[in-house]
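Nothing in this text is a laboratory measurement; each read-out follows from the coordinates by a stated rule. Given the structure is predicted, the values throughout are model-derived calculations rather than measurements. Neighbour counts are summed over all protein chains in view; Cβ atoms, including those assigned to glycine, are modelled from backbone coordinates with ideal geometry.
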């Protein structure tokens, strides 16, 4: 087996389009065999200007030596080196997360900070094929869908992993062949960490008892699952403009269209919208997705609280987040004239009455002489009721809104028009019997409700 990985390394970068013209690459170097081989290969490939990033986690006594070793090696290569320090144990304790998770999150955070500060467009990470196998198995044990089985992507945003096609054995062989010195991280042999237990105990056991190519098959599964996951994600991205829209600062999913989707796409759409609403790549659990899906399919109205997100079920839409309706103040409604109330514009005009009069459907027409002016517009109030057009007794405004399937969060946003005695119109919902136009009507007051967002600018 050829120990020189350069030809295959460069071919992988080009095939996966990990680098583009004009890229400037920050190489994350811990001092271990993987990152040292990665740096060596990138220097030989001469595909982009390089810089070296090192994070001292302060987790081991030899951490200072490793930082110095990386800095000196970078200087020999005449590369800029950026060394950061962070007390990972203290930060993990404060955030109530594992040391493994804290180290990973801090590394990505500081890498991004360094890239922004020094003009790097990509960050190269030293994950390899064995790391991929461990990641897939870890996700499988914890419970995962297709994205978890896809493991680590060769390229995610600005982060690239050029060593993913290569095994640990190949990388160690490369280091020996080119006499690359590296530091051994003894914490990799500690059974304290879950990933180490997989690498040191479970995977060797399966390989010895069941399948010697188990690691290879896990990495292969990641490659297959990753391609299929990307295809599903692309299809969902193309579908979303027809399924959802933004209003009041949140996303609304059209319920009828969602219900016609296949099971697989229902799950993917919900995952996508939840991730977008949370502004996080972290996916919801399978149990949360299935509970929400059942509510959408079988419950007319509901409120479902997920971690960091509230989902509101309406008759026609599913709302991801708590809508923020614009504030507006009640006031007098001039006749004729125009006022604004949040997203709405209320316009009044006097309409001449002749033999050809018809209500044009733009608003509601009232017999002017039957009203007691001045008019006001306001929000609904507790106990509000009116005699609806064509009815006899009074009905509560709350019940009218429920019958009209007005979402709860919008009920206090809709203007209510009143004269000095009665409610005349719950805008866009129902009007009152008062002010009915008759053959004896002498003048007509037309009240028109316009949605400001739909008006031409």
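Below is a table of values for the structure above.
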| read-out | value |
| --- | --- |
| Whole-Å distance, taken between Cα centres, linking region 358-422 and region 272-291 | 39 Å |
| Among beta bridges that DSSP assigns inside region 6-224, antiparallel share in %, nearest 5 | 10 percent |
| Evaluated over region 6-224, the Cα radius of gyration and Dmax, each in Å | 17.1, 50 |
| Antiparallel DSSP beta bridges within the chain, as percent of all bridges there, nearest 5 | 80 percent |
| Burial ranking of peptide ranges 316-322, 332-338, 289-295 (average Cβ count within 10 Å, highest at the top) | 316-322, 289-295, 332-338 |
| Evaluated over the chain, the Cα radius of gyration and Dmax, each in Å | 32.3, 104 |
| Cα-only Debye scattering, region 331-454: base-10 log of I(q)/I(0) at q = 0.09, 0.12, 0.21 Å⁻¹ | -0.23, -0.42, -1.31 |
| Cα-based Rg and Dmax for region 185-305, where Dmax is the largest Cα-Cα distance (Å) | 20.0, 58 |
| Separation of the residue 329 and residue 235 label points, Cα + 7 Å toward Cβ, nm | 5.4 nm |
| Region 248-320: Rg to Rh, with Rh as the Kirkwood radius over Cα pairs | 0.91 |
| Residue 242 paired with residue 285, simple spin-label distance in nm, labels 7 Å along Cα-to-beta-carbon | 3.4 nm |
| Label-to-label distance, nm, for residues given as residue 200 and residue 305 (7 Å Cα→Cβ offset) | 4.2 nm |
